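To start, the structure itself, in structure tokens.
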Amino acid sequence: MLDVALVALIRDMSEKAGVDGTIQYWTRVGENLAKRIGKEAYMGWPSFNVAFREGRTGFSIEGDAMPLTDLAITDVDGDVVGYIYAMKQCCFVPTILRVRYSVGELPRADRAVAEEYNNTIHDIAVCNFCVIHEKFREEVAKNITIGGQQLDALLLATRGYTGETKISEKNLKKIGMNPDQVRALLRNYECVYSILMKGAKLKEEEK
Amino acid sequence: MNPQRDRMLESNPFVDVATHLFLEDIADKQGAAGLNNYLMSLATNLAKSMPKEEYLSWDEFLDALRVGNSIITAFEEVFTPTPNCLVTKRSPFERGWIEYSKRVGAFSKIHREVADYYNATVKPTAINSLHIIHQTFRAAAAERITVNGKPVMYAQIATVWTDGEKKIAPEEWLPVLLQKAGITHTQLNMLLRNNADVWILYQD
């Protein structure tokens, strides 16, 4: 119920604070949530990935996500510095469906917030809640270390409730991933992101 | 209810926990009074965004309430021990609270402080911030319903939070509320043992 109430508020919030104000609100929500979850430390990628799969990491609050361990990210020396992670279902889909069956339709402000975010911050949002996601993951990553090194999270691709997809060319370039590869992942997943060592010397950045 | 749809709609903790923190953020800036206004407007907005309803008879309305087809029970599963008394089995906010406790820690004090403000300024029936939303929503949703052409009214008798804490309407209100509900004080206590809310819908 709380989530549906919040959706009903988006229109009101966007009218009062503007769509950019709603983006700021959501960004702060994502940031606050991540900060409250606390710090974590892992010995290496295998232990992090096991914890991730078992839902023990800060990222797990988002719902069922899995590490795609066949898709490792390597640095200029060929060392593994991260992996691709994916969610089968966006955690906001139940909310969107509940709004559909209780209120009738999503407020138009949902689309407006997503478009503003895509135009001004990062062209990756398929609904207004993507704003919370991206910030949340970035902040959670800062609270986790693997082998003493801080992490970074990059949102790579999203698929919305209506089938609309967004792919972040910018972030794919950073990790040296082919857009066709991520497009194939979107057939089976609704949200694809990478978690990697912060400051890792990636191939693209070396150029 | 459609079990397949219910499974599809099962909530994800991320949204609920994020919303709690969003509310705490508002309280940091506007205090308990500001948050209270915000919660009430949130619930009223939600009810207003839902379609109005009209029923030809109270029995037809009760059927819609029981199966969750009415806007007022869209978010909760209820049973009706009498034609005017409604009992909510589980709080729709329970999962969010449990996930918050698991992922973030103890519930922030502001959720109780804002309820104290609401109890002192609106009506003394809330245990925490979520009851402000719930009870305001029910009142606003009731305003959108007519049965046999007459408006429906709502009143809260008692609330039990997930941890077992109870909040019962003031002693001086109870005789009238229980009479409208068609239950005794003992029956109320029996209902409060393993349910989340006891409330009434009635017409003048």
Which residues, counting only those in region A:99-131, are under 17 Å from A:S14 (Cβ atoms), out of contact with any helix residue (DSSP H, G or I) (no Cβ under 7 Å at 6 or more places or on another chain) and within 11 Å of chain B (Cβ to nearest Cβ)? A:E105, A:F129
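Within region B:56-63, can one find any residue that is of a type outside the set (V, I, T) and within 14 Å of chain A (Cβ to nearest Cβ)?
No: region B:56-63 contains no residue that is of a type outside the set (V, I, T) and within 14 Å of chain A (Cβ to nearest Cβ).
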Based on this model, can you work out whether B:L130 counts as part of a helix (DSSP H, G or I) and either touching a strand residue (DSSP E or B) at 6+ places or on another chain (Cβ under 7 Å) or within 14 Å of chain A (Cβ to nearest Cβ) (or both)? yes
Residue in region B:73-90 that is outside any helix (DSSP H, G or I) and over 22 Å from B:V152 (Cβ atoms) present: yes
Log entry, pairs with first residue in region A:58-72 being in a helix (DSSP H, G or I), second being buried (at least 18 other Cβ atoms within 10 Å of the Cβ), beta carbons closer than 6 Å, six or more apart or on different chains, reads A:G58/A:I37; A:G58/A:V140; A:F59/A:V140; A:I61/B:P13; A:I61/B:F14; A:E62/A:C91; A:E62/B:F14
Filter result for A:G78 (surrounded by fewer than 20 Cβ atoms within 10 Å (Cβ to Cβ), farther than 24 Å from B:Y100 by Cα, away from chain B (no Cβ under 11 Å) and touching a residue at least 60 places away in the same chain (Cβ under 8 Å)): no
Residue count for region A:28-56, restricted to those that are within 11 Å of chain B (Cβ to nearest Cβ) and either assigned to a strand (DSSP E or B) or β-branched (V, I, T) (or both): 2
Condition check: at pLDDT below 95 and either crowded, with 17+ Cβ neighbours inside 10 Å or farther than 19 Å from B:V17 by Cβ (or both). Does B:Y55 satisfy that? no
Pick from region B:91-106, criterion surrounded by fewer than 18 Cβ atoms within 10 Å (Cβ to Cβ) and in a loop (DSSP other than H, G, I, E, B), ranking: farthest from the other protein chains (Cβ to nearest Cβ): B:A106
Six or more apart or on different chains, Cβ atoms under 7 Å: show the pairs whose first residue is in region B:110-137 and touching a residue at least 40 places away in the same chain (Cβ under 8 Å) and whose second is in a helix (DSSP H, G or I) and aromatic (F, W, Y). B:A126/B:Y118; B:I132/B:Y118
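Restricting to region B:28-44, name every residue that is of a type in the set (G, A, S) and closer than 13 Å to B:A115 by Cα. Even if it seems obvious, please write down each step before you answer.
Filtering region B:28-44 for residues of a type in the set (G, A, S) gives B:31-34, B:41, B:43.
Of everything in region B:28-44, those that are of a type in the set (G, A, S) and closer than 13 Å to B:A115 by Cα turn out to be B:G31, B:A32, B:A33, B:G34.
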Per-region count, region B:147-194, residues part of a loop (DSSP other than H, G, I, E, B), within 20 Å of B:I133 (Cβ to Cβ) and either modelled with pLDDT of 95 or more or of a type in the set (F, W, Y) (or both): 3
Can we say A:E62 is acidic (D, E) and within 16 Å of the chain's Cα centre (by Cα)? yes
What number of residues within region A:160-207 satisfy the criterion of being part of a helix (DSSP H, G or I), among the charged types (D, E, K, R), free of Cβ contacts under 8 Å to residues at least 40 places away in the same chain and farther than 17 Å from A:E134 by Cα? 5
Just give me the residues in region A:85-98 being at the interface with another protein chain (Cβ under 9 Å from one of its Cβ atoms), closer than 16 Å to A:T162 by Cβ and not in a loop (DSSP other than H, G, I, E, B), in sequence order. A:V93, A:P94, A:T95, A:L97
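The values are calculated or read from the model by the stated rules, or taken from the named source; none is laboratory data. None of the values given here were measured: they were computed from a predicted structure. So basically every Cβ, Gly included, is an ideal-geometry build from the backbone, and we count neighbours across all protein chains shown.
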